[in-house]
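A quick write-up on the structure given underneath.
Just so you know, all these numbers are worked out from the coordinates, no wet-lab data involved. Worth saying up front: this structure is predicted, and the values here are computed from it rather than measured. Glycine also receives a Cβ, built like all others from the backbone with ideal geometry; neighbour counts cover every protein chain displayed.
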């Protein structure tokens with residue numbers, strides 16, 4: 001599906017944001033309005049209304065060891081203003097499976113971004129942007145984000161049997177305001193639901209110069225990993241690239 005990863009989901013990552021890449025270090029630098037000013041009437045490209053993405057909402061992660069799963073869960077909860085402190089005292093689970101619900105896409109068509117750039121005055125000499133236009137560094141504009149405010153978590157033993165989940169104890173442990181409930185008809189699947197949507201994936205285009213003209217190039221899906229917190233953050237990486245992430249968009253969720 002070609003989406004890149006936000007390691008620690010955030011509520012404020014949206015289309016038209018500018019990010020820069022130096023190897024594995026990817027930083028948020030500003031917005032398209034900081035990089036380009038329109039020469040003609042019409043203003044900046046518009047961000048569309050959110051649209052449901054049922055294909056992504058229906059996908060599950062592979063089975064993840066409970067210790068790592070706790071840190072991944074805390075990363076998501078942290079983005080919603082809550083925390084479990086890495087605790088799994090409320091369950092005897094040995095493995096966890098994750099699935100985002102209520103996934104929405106918000107985008108600006110790349111063609112609209114391109115049309116805007118054709119008739120704009122660009123500020124590539126800005127000290128914040130210029131270092132990302134030399135060597136192997138790269139400068140990108142985000143065209144689409146995918147967001148969710150609800151996460152399902154399966155708690156299992158190694159023999160794939162349902163683990164015990166003490167919802168009462170969980171509610172005592174959790175710090176912050178977030179809705180936690182058992183999925184109807186299940187004793188080992190929890191729904192964590194916040195009040196705000198957080199961005200956990202995105203699509204972007206790279207700025208490039210060809211014969212003096214600015215063009216937008218689409219990188220391979222998963223090639224850009226946006227880190228929104230320090231590398232030592234307790235939450236860890238909620239998502240990583242294909243083959244090792246919480247939600248791997250190339251997986252059917254049957255991995256072990």
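Tabulated data
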| item | result |
| --- | --- |
| Contacts under 6 angstrom Cβ, first residue in the stretch 30-49 being free of Cβ contacts under 8 Å to residues at least 60 places away in the same chain, partner assigned to a strand (DSSP E or B) and surrounded by 15 or more Cβ atoms within 10 Å (Cβ to Cβ), 6 or more apart | 31/17 |
| Residue check for residue 176: loosely packed, with under 13 Cβ neighbours inside 10 Å, in contact (Cβ under 8 Å) with a residue 12 or more places away in the chain, under 14 Å from residue 76 (Cβ atoms) and touching a strand residue (DSSP E or B) at 6+ places or on another chain (Cβ under 9 Å) | yes |
| Residue tally, condition outside any helix (DSSP H, G or I) and closer than 19 Å to residue 198 by Cα, over the stretch 74-101 | 9 |
| Count - residues of the stretch 117-132 that are closer than 18 Å to residue 19 by Cα and either in a helix (DSSP H, G or I) or out of contact with any helix residue (DSSP H, G or I) (no Cβ under 9 Å at 6 or more places or on another chain) (or both) | 6 |
| Check on residue 114, surrounded by 22 or more Cβ atoms within 10 Å (Cβ to Cβ), assigned to a helix (DSSP H, G or I) and more than 16 Å from the chain's Cα centre (by Cα) | no |
